[in-house]
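Coordinate-derived values only; no laboratory data. Worth saying up front: this structure is predicted, and the values here are computed from it rather than measured. With ideal geometry, Cβ positions are generated from the backbone for all residues, glycine too; neighbour counts draw on all protein chains shown.
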Amino acid sequence: MMPADLIRAALLDAARELGAPATIAPVLERPRDPANGDWSTNLAMMLAKPLGEKPRALAQKLVDRLDLDAAGVSKVDIAGPGFINFYLAVGANARGLTTIVAQGDAYGRNQSGAGERVVVEFVSANPTGPLHVGHGRQAVLGDAISALLEWAEWSVSREYYYNDAGVQIQNLAASVVVRLRELAGHPLEFPEGWYQGEYVLDVARAYIADRGARNAQELLEREMPPELLGSFQNDPIALAPAILEFVRTHPDFVRVAVDELRKTQDRDLKAFGLVFDTYFLESSLYAPGSARAIAPVLGGDASESAVDATVRALVASGHTYEEDGALWLRTEEFGDDKNRVMRKRDGTYTYFLPDVAYHVSKWGRGFTRAINVQGTDHHGTTARVRAGLQALEVGIPKGYPEWVLHNLVKLMKGGEEVKFSKRSGSIVTLEELISEVGRDAVRYFFSMRKAESELVFDIDLARAQSEENPVYYIQMAHARLCGIFRVGGIDPASLDASNVDFDALVEPEERELVKALLDFPALLAGAAEALEPHRIASYLLDTAQLVHTWYHKHHVLDQPPAILHSRLFLAHASRIVLRNGLAVLGIAAPERM
């Protein structure tokens, strides 16, 4: 056991001797000022009221009953209103380095998830264009949250939900027709809300190849109704309704467009080092027989669609009503700010309904925990979807699913905001950003702030090979540690803890670095519980600073044997922790820079 665990156990024993409640759980924290010890607890203040004692007097009674020999505590004092501060002997902390080296790549893992299944859904961009920088932030957050949960022994499934149905997809298909019109030599004009990026030209060319045509004109003459083709030289804005009707009756436009954009998005994600376990299509929820996957949850006819099965179950629950020809759900009964339309007067469904069906599918696939990482524009979705799931009355918990909502990304370059890309039409693509600064920098910058905070991404800083660039600074710390072993011709695997004098690590910089390394497992566990990867990013930066300070102030290789061996062991443990922390964020740990 680590010293902190032994101190916590001793506190618990002492508190019980004094009659503390059985549920008491002593908390240890690092004092802000190292002069106040290695650990501090407010246990006396927590117990003062239930035990009817003054905090300082109770703190003294606790101290009098503590058995701290095994923990390596050299001094205990009482401060302020009743804080108990613990000071460890030099070697007591440093001996914890043996655990780091022994566990290696596994150091920091815990088993709090106990193998339970969780699905983390993220990115989930409509296949209507390339991934932009907002999707990039979501990709980093979702992947890092997934990694944090994996380090806590959750069985994680990364899932991407394609919104490949609805108005936006129809507008994409219609935009392809406009680009075909351009390729056939007609002026380029787009109705409002259609997709104007140059990437739609690639989709148009792919459609020509898919249909086996030689060029756009031949394709249009072969597939377009004569009355529409005859007027196609006119203003396409006036022809928008006719074009939309045309693509609705020609599903190959949607098929090719979605396939091509999915390929583009998949390529960008792979370049980002991200692989999903499942890709789920919204369109599949409308397919006959898709209710089979949720029949164990909702019952009924497995041959119907999942969306129809969800409507049937909601109507059967008694929480729906009809008004003005539309079908409504009483979501107000379950905490939403107003009731919601499920089926419109024209018989089509709102986005809300397939969202509910999709989350029933998650539950039906055995995911008793689901986490959605999405933008803040989905804030209104949370109450709606949860209300829909509760209205089904099938045992899905009230807080299902959980949401992590991230704020906007503002790109800066040369002191000015970067607002759009020619290729995408109105966005900066993730591919362009990765090409500009590299994958590691993108991953670190997207993870270094709390999700709900707006992120200012400074491209110039992300490209800089200097100490001002945080990811460069962290990676350089790891590379410097590796350099110690390379220059000394020493294999880190050859280090033997039995030959290390841990009492030799007496320098203040060494003691602070050791404490930071030992805090990594608790930090990781807390980040996983809170779903906050930015804690890892901040920890890595702080620990890298401790490494650099120690590296510059204290030599390793030209020291007497006792100091040499202890500092090599500290350097090796530091390498392990930096490498493991970077791995959680999906960032490389280079050995040379």
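How are the C-alpha pair distances of the stretch 174-224 spread across 10 Å bins, as whole percents from the shortest bin up?
28, 57, 15, 0
Note the angle between two axes, namely the Cα long axis of helix 470-488 and the longest principal axis of the Cα atoms of the chain, as a number of degrees from 0 to 90, rounded to the nearest 10.
50 degrees
Output the relative contact order of the stretch 1-146, whole-number percent, from Cα pairs under 8 angstrom with separation of 6+ residues.
The normalised contact order for the stretch 1-146 reaches 19 percent.
For the stretch 287-406, go through all pairs of different Cα atoms, get the mean of 1/r, take its inverse, and jot down that Kirkwood value in Å.
14.4 Å
Once you keep just the Cα pairs under 8 angstrom separated by 6 or more residues, what percentage relative contact order results for the chain?
Answer for the chain is 16 percent.
Helix 133-151 against the longest principal axis of the chain: what's the angle in degrees, Cα atoms only, rounded to the nearest 10?
Helix 133-151 sits roughly 50 degrees off the main axis of the chain.
Rounded if a/c is under 1.5, else prolate if a/b beats b/c, else oblate: with a ≥ b ≥ c from the C-alpha gyration tensor eigenvalues square-rooted, which is the stretch 1-86?
oblate
Once each part is reduced to its C-alpha centroid, what is the distance from the stretch 265-340 to the stretch 343-419 in angstrom?
Computed from Cα coordinates, the inter-centre distance equals 11 Å.
Under 8 Å for C-alpha pairs, at least 6 residues apart: give me the relative contact order for the stretch 3-88, rounded to a whole percent.
33 percent
Check cross-link reach from Lys338 to the lysines: straight Cα distance under 28 Å, and skip same-chain residues fewer than eight apart.
Result set, ordered by chain and number: Lys362, Lys398.
Quick one: Arg575, Arg222, fewest Cβ neighbours within 10 Å first, how do they rank? Working shown, then result.
On the way: Arg575 24, Arg222 11.
Taking fewest neighbouring Cβ atoms as first place, the list is Arg222, Arg575.
Rounded if a/c is under 1.5, else prolate if a/b is larger than b/c, else oblate: which is the stretch 240-317, with a ≥ b ≥ c the root eigenvalues of its Cα gyration tensor?
oblate
Out of these labelled values of log10 I(q)/I(0) by the Debye sum over Cα atoms at q = 0.05 Å⁻¹, [x] -0.25; [y] -0.20; [z] -0.31, which was calculated from the coordinates shown here?
Matching the structure shown: [z].
Helix 252-271: angle to the longest alpha-carbon principal axis of the chain, degrees 0 to 90, nearest 10?
The answer is roughly 20 degrees.
On the Cα set of the stretch 19-134, report Rg and Dmax in Å, please.
For the stretch 19-134, the Cα radius of gyration and maximum Cα-Cα distance read 22.0, 69 Å.
Please return the longest stretch of the chain lacking exposed loop sites, where chymotrypsin sites (Phe, Trp or Tyr not before Pro) count only if DSSP places them in a loop and at most 15 other Cβ atoms lie within 10 Å.
1-350
Need one number for the stretch 467-584: average projected area of the convex hull over its C-alpha atoms, nm². Present the calculation step by step, with values, prior to reporting the outcome.
Values: hull surface 29.7 nm².
Value for the stretch 467-584: 7.4 nm².
The stretch 202-226 to the stretch 433-495: how many Å between their Cα centroids?
Spelled out, the Cα-based centre of one part sits 48 Å from the other.
Amide H neighbours of Glu304 under 5 Å, counting only residues 5+ apart in sequence or on other chains, H built in-plane at 1.01 Å?
Here the answer is Gly289, Ala291, since their amide H atoms fall under 5 Å of that of Glu304.
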